[in-house]
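What follows is one structure encoded as structure tokens, with my remarks underneath.
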Amino acid sequence: MIGTRLAALGGVALVGALSLTACGSDDNGGGSGKPAASGDCVKSTVNAAGSSAQANAMSEWIKGYQQSCAGANVNYNASGSGAGVQAFTGGQVAFAGSDSALKPEEHGPADARCKTGKALDLPMVGGPIAIIYNLKGVDNLQLTPATIAGIFAGKIKTWNDPALAKDNSGVKLPATPIKPLHRSDDSGTTDNLTKFLLATAPDAWKFPGGKTFPAAAGGQGLKGSDGVSTGIKQGDGTIGYAELSYATNGKLQTAKVQNGAGDFSEVSSDAASKAIAGAQVSGQGNDLALTLDYKAKDGYPVVLVTYEIACEKGLPKEQADFVKSFLTYTSSQQGQSILSGLGYAPLPDSILTKVQAAVKGLS
Amino acid sequence: MTSDTLEQGATRARGGRGRKLSTGRLGDRLFGISARGSGILLLLIIAAIAVFLVAKALPALKADKANFLTSQVWNPDAAEPRFGILQLAFGTLLSSLMALLLATPVAIGIALFIAFYSPRKLASGLGYVVDLLAAVPSVVYGLWGLQFFVPKMASVANFLNGNFGWIPLFGGDSVGGQSILTAAVVLAIMILPIISSISREVFFQVPQANVEAALALGATRWEVIRMAVLPFGRSGMVSAAMLGLGRALGETIAVAMVLSTAAGISLRILKPGGNTFAANIANTFGMAGNTGRGALIASGLVLFVITLIVNMLARAIVARRKEFV
């Protein structure tokens, strides 16, 4: 404890000295609307860590940022959301990526790290979670949330179960046993899927929502979205869940999921953006923690949103300028537009404008 | 002959304690101090690890609402933390012991072949290749296991289930053959080089006179190995196997990638199931909250203790066997 405090003090002293010597030259970071225009470009390196779900987006963003700001760099370590929050609270990284907003018990220590300001949850990228399956002869599977819950809870055991037949009238379903696969590692994907099931099918899903897939629900756990999608490919009758890019890259079948309006929606970046538009901000002020509306009337309802956790105030100046400039880029139209090609969902305008305003307030 | 050389060795080894350590000259004194210092440093490092693990684990253990030793659930970040190590300990020991059973005969076969059967040129090349196996990073084994080996194991599993499903070990289905048996085979390949290269070194130490004496009596090459080589190398082979077991117990990422998890304890080695200490830590540490981290460190402490016990057992076995030779 004393050691880290000393190190932090040393770091503050060092950065303070550096920014004193650099005084006057980098004082033009005053949030021009243009992303990473040469004017507010901060040529330094900043460390960040956290969610692996946004790792691909982050690496594209870093590339994009560097095009207009050569010499700037972000070292993003995709160590997982929990580790990212821990590193942020411990002062090892300038900002963290996390698949869930700070919990009440995490907020205090995170605020303390930011000294004069508060720690903010800034939604930065959304994504659809595809329900992927492998069943010979069935191409257009349609699922209601209750059926998904029944399958993952081990209640629906064969593909010709009446519940499935009802969702897919006119489709000939085989009597193959269903083999549900889930993540064996803790994950934001599991967190959002179980929260979706809790919200939409509480009668069929009797387990808590969380990052760990409930062992009592049964099924087979595989490591990472990569493991799950590989498993789907290898077995007939399997069903699982993964971020859309894994389904696209692995050429896997994806199921349509029923949304709040009763329509079966195909999974896509656009459809996910529409569903995210229904989210409510539950944080205070510029803290934009979201409560997702899993019963959204529009679009594809199984979605996740991952956040950047950053200090509103209180970082050493150079770091603060860099974080502000970088997040200005990621939340710009240009930054968001590269996401759909990667299987992510750009934030809908209603939320994006709030994020942009919050980023403008960083200092 | 054998007992003579060994006795000499033993007196040399044990005599050190009785004899004066130093002649009193500067070089000797410095060497004595640095050697003793290294020994003490090692003890301090081990103690520091143990203290760290205990200190980090205690808060989580206090919060645990389930029995840490007998519970099979692992849900430390829930509002009411519940976690226990039974399933982890079971999976760790089962997969490691199976790996040991698979690897030891093969490794000793390789070592015997290199030491006594193969032509000189081939022997050095083969020894080099086996040692190279140890240099392959374990994540590479994981990738190879996941992409290449797992699909192959699916047909092995189907065959075993179809023909020997009545044996309680088999029966049960796993998507893509990702089972505790698959993990054990991958582990076996990973611990092969350790066991094989130590056994090989031990076999090279067999006194030439013993071998020649047996040959002079008219023994065949197999009889020479049985009468002169294996008894001489027994303690060496045991300690080699134990080192291998130690590696298998602690192996992390390859197991995490190859093993598919399921709830509960089961002896059916072809079903998805089991989890190991190390794989669980690798799988869940990144997302774990505070209590989760403490719980994982507590499970690491248990692994530490298990490894310690295995090593102590190995030493005991080696020490006992020595007297019989």
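The values are calculated or read from the model by the stated rules, or taken from the named source; none is laboratory data. Keep in mind it's a predicted model, so treat the numbers as computed, not measured. Cβ: placed from backbone, ideal geometry, glycine included. Neighbour counts: every protein chain shown. These area figures cover heavy atoms from the full protein model, side chains too; ligands, DNA and RNA do not enter into them. Shrake-Rupley method; radii C 1.70, N 1.55, O 1.52, S 1.80 Å.
Is it the case that region B:204-215 has a residue that's free of Cβ contacts under 8 Å to residues at least 60 places away in the same chain, of a type in the set (Val, Ile, Thr) and open to solvent by 30 Å² or more (accessible area, probe 1.4 Å)?
No - not one qualifying residue is present in region B:204-215.
Would you confirm, using the coordinates I've provided, whether A:Ser331 is surrounded by 23 or more Cβ atoms within 10 Å (Cβ to Cβ) and in contact with a Leu (Cβ under 7 Å, 6 or more places away or on another chain)?
On the way: surrounded by 23 or more Cβ atoms within 10 Å (Cβ to Cβ): yes; in contact with a Leu (Cβ under 7 Å, 6 or more places away or on another chain): yes.
Yes: the conditions hold for A:Ser331.
Only one residue in A:Lys155, A:Lys136, A:Lys115 is within 27 Å of the chain's Cα centre (by Cα) and either part of a loop (DSSP other than H, G, I, E, B) or charged (D, E, K, R) (or both), so which one is that?
So the residue among A:Lys155, A:Lys136, A:Lys115 that is within 27 Å of the chain's Cα centre (by Cα) and either part of a loop (DSSP other than H, G, I, E, B) or charged (D, E, K, R) (or both) is A:Lys115.
Is one or more of the residues making up region B:299-309 aliphatic (A, V, I, L, M) and open to solvent by less than 20 Å² (accessible area, probe 1.4 Å)?
Filtering region B:299-309 down to residues aliphatic (A, V, I, L, M) leaves B:301-303, B:305-306, B:308-309.
Those left that are additionally open to solvent by less than 20 Å² (accessible area, probe 1.4 Å): none.
No: region B:299-309 contains no residue that is aliphatic (A, V, I, L, M) and open to solvent by less than 20 Å² (accessible area, probe 1.4 Å).
Check off (1) outside any helix (DSSP H, G or I); (2) within 14 Å of another protein chain (Cβ to nearest Cβ); (3) open to solvent by less than 20 Å² (accessible area, probe 1.4 Å) for B:Gly292 and give me the number that stays unchecked.
Here B:Gly292 clears every test but (1).
Is at least one residue of region A:241-255 open to solvent by less than 10 Å² (accessible area, probe 1.4 Å), of a type in the set (A, V, I, L, M) and in contact with a Lys or Arg (Cβ under 7 Å, 6 or more places away or on another chain)?
Scanning region A:241-255 turns up no residue that is open to solvent by less than 10 Å² (accessible area, probe 1.4 Å), of a type in the set (A, V, I, L, M) and in contact with a Lys or Arg (Cβ under 7 Å, 6 or more places away or on another chain).
For region A:288-304, check the following and say yes or no: at least one residue is outside any strand (DSSP E or B), crowded, with 24+ Cβ neighbours inside 10 Å and of a type in the set (Phe, Trp, Tyr).
Looking through region A:288-304, at least one residue is outside any strand (DSSP E or B), crowded, with 24+ Cβ neighbours inside 10 Å and of a type in the set (Phe, Trp, Tyr).
Tell me whether region A:164-172 contains one or more residues that are out of contact with any Phe, Trp or Tyr (no Cβ under 9 Å at 6 or more places or on another chain) and either within 19 Å of A:Gln319 (Cβ to Cβ) or within 14 Å of chain B (Cβ to nearest Cβ) (or both).
no
Would you point out which residue out of B:Gly244, B:Gly250, B:Gly233 is at pLDDT below 90, open to solvent by less than 10 Å² (accessible area, probe 1.4 Å), away from chain A (no Cβ under 12 Å) and within 24 Å of B:Ile191 (Cα to Cα)?
Testing whether each residue is at pLDDT below 90, open to solvent by less than 10 Å² (accessible area, probe 1.4 Å), away from chain A (no Cβ under 12 Å) and within 24 Å of B:Ile191 (Cα to Cα) leaves just B:Gly233.
Tell me yes or no: at least one residue of region B:296-317 is at pLDDT 85 or above, under 23 Å from B:Ala103 (Cβ atoms), assigned to a helix (DSSP H, G or I) and within 11 Å of chain A (Cβ to nearest Cβ).
There is no residue in region B:296-317 that is at pLDDT 85 or above, under 23 Å from B:Ala103 (Cβ atoms), assigned to a helix (DSSP H, G or I) and within 11 Å of chain A (Cβ to nearest Cβ).
Does B:Arg268 qualify as being within 14 Å of chain A (Cβ to nearest Cβ) and open to solvent by 40 Å² or more (accessible area, probe 1.4 Å)?
Numbers: within 14 Å of chain A (Cβ to nearest Cβ): yes; open to solvent by 40 Å² or more (accessible area, probe 1.4 Å): yes.
So B:Arg268 passes the test.
Quick one: which of B:Ala214, B:Ala256, B:Ala228 is assigned to a helix (DSSP H, G or I), touching a helix residue (DSSP H, G or I) at 6+ places or on another chain (Cβ under 8 Å) and closer than 30 Å to B:Trp144 by Cβ?
Criteria check complete, one pass: B:Ala256.
Please go through region A:173-193 and pick out each residue that is free of Cβ contacts under 8 Å to residues at least 60 places away in the same chain, buried (at least 24 other Cβ atoms within 10 Å of the Cβ) and either away from every other protein chain (no Cβ under 14 Å) or not in a loop (DSSP other than H, G, I, E, B) (or both).
Residues satisfying the conditions are A:Leu181, A:His182, A:Arg183, A:Thr190.
Checking A:Leu197 against (1) more than 14 Å from every other protein chain (Cβ to nearest Cβ); (2) hydrophobic (A, V, I, L, M, F, W, C); (3) open to solvent by 10 Å² or more (accessible area, probe 1.4 Å), which test does it fail?
(3)
Can you name the condition, by its number, that A:Ser269 falls short on among (1) facing chain B (nearest Cβ under 10 Å); (2) surrounded by fewer than 22 Cβ atoms within 10 Å (Cβ to Cβ)?
The number of the failed condition is (1).
Just to verify a result, which residue in region A:200-222, among those that are open to solvent by 40 Å² or more (accessible area, probe 1.4 Å) and modelled with pLDDT under 85, is nearest to the other protein chains (Cβ to nearest Cβ)?
A:Ala215
Closer than 14 Å to B:Gln178 by Cα and either touching a helix residue (DSSP H, G or I) at 6+ places or on another chain (Cβ under 8 Å) or modelled with pLDDT of 90 or more (or both), is that true of A:Thr230?
The answer is yes for A:Thr230.
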